[in-house]
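Derivation of every value follows stated rules applied to the coordinates shown; laboratory data play no part. The model shown is predicted, which means the values in this text are computed figures rather than measured ones. For neighbour counting, all protein chains shown are included, and Cβ atoms are generated from backbone atoms with ideal geometry for every residue, glycine included.
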Amino acid sequence: GGGSRATTAGGDGDLATQLNLLRERSWTEQQSLRRQLEDQRAEKEQLRKDVAEAHVRFQEADAENRRLREGAAQAGDDEGMLRTIEEKNIQISQLESLLRQMASSK
């Protein structure tokens with residue numbers, strides 16, 4: 001007995017509602033995806049700025065180091081000057097490794 005499947009009246013209406021819900025959901029997802037992309041783009045831009053700044057800092061330190069080394073040569077290798085140069089060299093190598101890290105994290 002009576003195994004006929006009953007079709008609910010207004011089934012088309014339900015379909016339309018579901019379509020609208022799907023459309024809204026996909027729009028919301030698109031919006032959040034777009035926001036994520038913009039955030040990533042902003043992060044990349046910031047990273048590029050950081051790398052550029054670090055590069056400038058590195059070049060400045062390098063130039064200063066060269067000046068110090070020339071000064072030390074003229075001053076007859078003063079002990080304090082040599083220590084300063086050593087510290088500058090450490091700073092420069094730190095900056096170099098920082099630059100490498102930043103470049104590889106892109």
Ignoring everything except DSSP H segments at least 4 long, calculate the 222 nm mean residue ellipticity for the chain; use -39,500 (n - 2.57) per segment, divide by total residues, nearest 500.
-31500 deg cm²/dmol
Provide Rg over Rh for the chain; use the alpha carbon set for both Rg and the Kirkwood Rh (inverse mean inverse pair distance).
1.63
Can you tell me the dipole magnitude for segment 11-104 around its Cα centre, using point charges on the Cβ only (Lys, Arg +1; Asp, Glu -1), in Debye to the nearest 20?
240
So for R0 = 30 Å, FRET eff. of THR28-GLN59 from the Cβ-Cβ r, to 0.05, ends up at 0.05
Identify, among LEU82, ALA63, LEU19, the residue whose Cα sits farthest towards the positive end of the charge dipole of the chain, taking +1 on the Cβ of Lys and Arg and -1 on the Cβ of Asp and Glu, with the dipole about the Cα centre.
LEU19
